[in-house]
1. When the chain is modelled as a GNM with alpha-carbon springs shorter than 10 Å, which of 202, 192, 275 fluctuates the most?
2. At a threshold of 8 angstrom on Cα-Cα distance, excluding pairs fewer than six apart, so keeping six or more, what relative contact order does region 187-300 reach in percent?
3. Using 0.36 nm per residue, how much length does the chain from residue 48 to residue 16 gain when fully extended, once their Cα-Cα distance is taken away?
4. Cβ neighbours within 10 Å, averaged per peptide: list 129-139, 31-41, 154-164 in order, most packed at the top.
5. Which FRET efficiency, nearest 0.05, do residue 72 and residue 131 yield, Cβ-Cβ r, R0 41 Å?
6. Magnitude of the Cβ-charge dipole of region 76-133, K/R +1 and D/E -1, about the Cα centre, nearest 20 debye?
7. What is the dipole size for the chain, taken about its Cα centre, with +1 at each Lys and Arg Cβ and -1 at each Asp and Glu Cβ, in debye to the nearest 20?
8. For the chain, give the share of DSSP beta bridges that are antiparallel, in percent and rounded to the nearest 5; count only bridges with both residues there.
Amino acid sequence: MRCTACGRRAVYHRRYTGDFLCDRCLARSVERRFYRAIRKHRMIKPGERVAVAVSGGKDSVVCMHLLAEYCRSKRCELVAITVDEGIAGYRNRSIPVARKNAEALGIEHRIVSFKESFGATLDEILARAKEKGSGLGACTYCGVLRRSLLNRAARESGASKLATAHNLDDEVQAIMLNYVRSDLARLYRLGPVYQPREGFVPRIKPMREIPEKEIALYALLKGIEADWSKCPYRGGIHLEIRDFINWLEENHPNSKFMILRMFDRMRPFLVSAVPEFRPKTCRVCGEPTSSDLCKACELLGELDIGAGS
């Protein structure tokens, strides 16, 4: 097949638009969507210092490469932040990849760990949770602690924005997950830009409208080194929702974009259903929170781990 745009040999069939794309046109499409999202939502101002969360996986590494190009053109500073959760046999492969890419781009790279920050690795936290009969899954502990640590690291690095590599698939899965859980507060926070609150570095998602498959192809076509392994703790309802959405997209192309578009139209009306955030300081760690104890310290305290115990 030939590329719909330029006539060269196609490498990808974009089913949700019906187009066939060659390597060049696919790469340009990914780049255009990335930069358009930044401009449309005014994510980054010239001269800002921006942090990007980089795990070493394909999405975060591609995000770092595209941000590096954008920041050079806008005279912005970019710092990469990698969280080492302490997952044996997993993070020890991805962290060197993140470091290598940052060095190749000439970007400052910071590594922060669960062990140093919370007193235990994720492996140790989950082992303790099992001992205590906690009904919470690995993603709950990891998600809460990662978010807390990324915010702290971005703030301490002097960044005014924190970019994450959430793609279209990630965002749609999160939308559906929070529908199922009836969590309006988390649902409201799923926009492309989360407005600043005291003590929190505003988050931006420049890859929010790019499908995961196209990011993967972009990395391969551009020869960008990435870690392709999967987290050993993946499972539960997250995978069930992912599989359902992929089934929906397979049978009804463009479903993912339609879910996102509908959510974006609804989102302004959610503000009235979300309690107003009243900033407080966690009495244990000093991080910003809406109550006396932040969620990270609450979870750790229940397990008698670290400062939260």
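Here, each number is a calculation from the coordinates, and none is a lab measurement. None of the values given here were measured: they were computed from a predicted structure. No Cβ is skipped: glycine too gets one built from the backbone with ideal geometry, and neighbour counts run over all protein chains shown.
1. 275
2. Values: 65 pairs, mean separation 23.7, N = 114.
Rounded, it is 21 percent for region 187-300.
3. Numbers: separation 32, 0.36 × 32 = 11.52 nm, distance 3.56 nm.
Extra length available between residue 48 and residue 16 comes to 8.0 nm.
4. 154-164, 31-41, 129-139
5. Details: r = 49 Å, r/R0 = 1.21.
Efficiency, from the Cβ-Cβ distance: 0.25.
6. Values: 9 positive and 9 negative charges, 45 e Å.
Computed charge dipole of region 76-133: roughly 220 debye.
7. That gives a dipole near 1240 debye.
8. Working: 9 of 26 bridges.
The answer is about 35 percent antiparallel.
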